[in-house]
Amino acid sequence: MALAFIATGMGLLALAWILGTLLWKGFGSLSWDVFSQMTPPPGESGGLLNAIYGSLVQTILATLVGTPIGIAAGTYMAEYGRNTKLTTTVRFINDILLSAPSIVVGLFVYEIMVAPMGHFSAWAGVAALSILILPVVVRTTEDMLLLVPDSLREAASALGAPRYLVIRKVCYGAAKAGLMTGVLLAVARISGETAPLLFTSLNNQFWSTDMNAPMANLPVVIFQFALSPYPDWQKLAWVGALIITLTVLTLNILARTLISTRKQQN
């Protein structure tokens, strides 16, 4: 028990140290210019507007693409094909994707999209992030649906409800907290992914809404600015890291609040 407490304390200390450093250096450079100006050249003032926009667009689109596919696959594995060979195979492949390095996904999308097209694009970035979302959503959807007691399904079926209605009303209703958690975990994973975007959407110093062209994004900007020798770029890198961290924390807090509110209403 003592060793367990020591290990927990060391982990919490490291987490507090990281968050403290991030808050200390990030808040010091946070200003309205960060949200209203483009990424600057060295030696000039600027912000992260184009990078924030690019990250939001690519993350939202990847979530909209990957989440329905992941939930559908997880639903099949939990509700229709629990003991089939197809489910066993899909689960094995999904576990491999879950632990696969993100740079491998980036290289894969580069070969199938970027190289044939002849240029980087935001669509390629969306494709890479969608692939990263899939295994997380599939695993959490299957696990959460398997936790729903079969007695609930049998009771709904006994009342004459068709299978699809049982899944939609009973299973999804009982597992909605877990499903939301899975989506949030997936969003949290792709929010800070840099390697896939280096091979797909790359970066753009200017404002761009063209999905068929390179688009700025926070992870790549943080990566480039943090490695640069320019102090003003390094400050923007800290601010960008702070923005990503606060966004993920806010999403988790909002989700927990919504779940608690629904539980009280029920």
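The values are calculated or read from the model by the stated rules, or taken from the named source; none is laboratory data. A quick note: this is a predicted structure, and the numbers were derived from the prediction, not measured. Because the Cβ atoms are built from the backbone with ideal geometry, glycine has one as well, and the counts that use them run over all protein chains shown. The accessibility values were calculated without ligands, DNA or RNA, using every heavy atom of the protein model including side chains. Shrake-Rupley method; radii C 1.70, N 1.55, O 1.52, S 1.80 Å.
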Practice task
State which residue pairs qualify: first residue polar (S, T, N, Q) and inside the range 205-218, second residue open to solvent by 80 Å² or more (accessible area, probe 1.4 Å) in any location, beta carbons under 8 Å apart, and separation of 6 or more residues or different chains.
Solution key: 212/123
Completion exercise
Subset of the range 204-232, residues open to solvent by 60 Å² or more (accessible area, probe 1.4 Å), part of a loop (DSSP other than H, G, I, E, B) and out of contact with any Leu (no Cβ under 8 Å at 6 or more places or on another chain), comes to 205, 206, 209, 210, 212, 229, 230
Problem - Complete set of residues in the range 1-46 that are acidic (Asp, Glu) and surrounded by 11 or more Cβ atoms within 10 Å (Cβ to Cβ) - result: 33
Completion exercise
Within the range 1-39, the residues that are at pLDDT below 90, in contact with a Leu (Cβ under 8 Å, 6 or more places away or on another chain) and either assigned to a loop (DSSP other than H, G, I, E, B) or at positive phi (or both) are 29, 30
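Search the range 85-114 for residues being of a type in the set (S, T, N, Q) and at pLDDT 90 or above, and hand back the single one that is nearest to the chain's Cα centre (by Cα). Quick ask: steps written out before the conclusion?
Taking the range 85-114 first, the residues of a type in the set (S, T, N, Q) are 87-89, 94, 99, 102.
Still in the list and also at pLDDT 90 or above: 87-89, 94, 102.
Working: 87: 24, 88: 25, 89: 25, 94: 16, 102: 12 Å.
Within the range 85-114, the match that is nearest to the chain's Cα centre (by Cα) is 102.
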Handout entry: Members of the range 216-259 found to be within 30 Å of residue 173 (Cβ to Cβ) and among the hydrophobic types (A, V, I, L, M, F, W, C), listed by number
Key = 248, 249, 251, 253, 254, 255, 258, 259
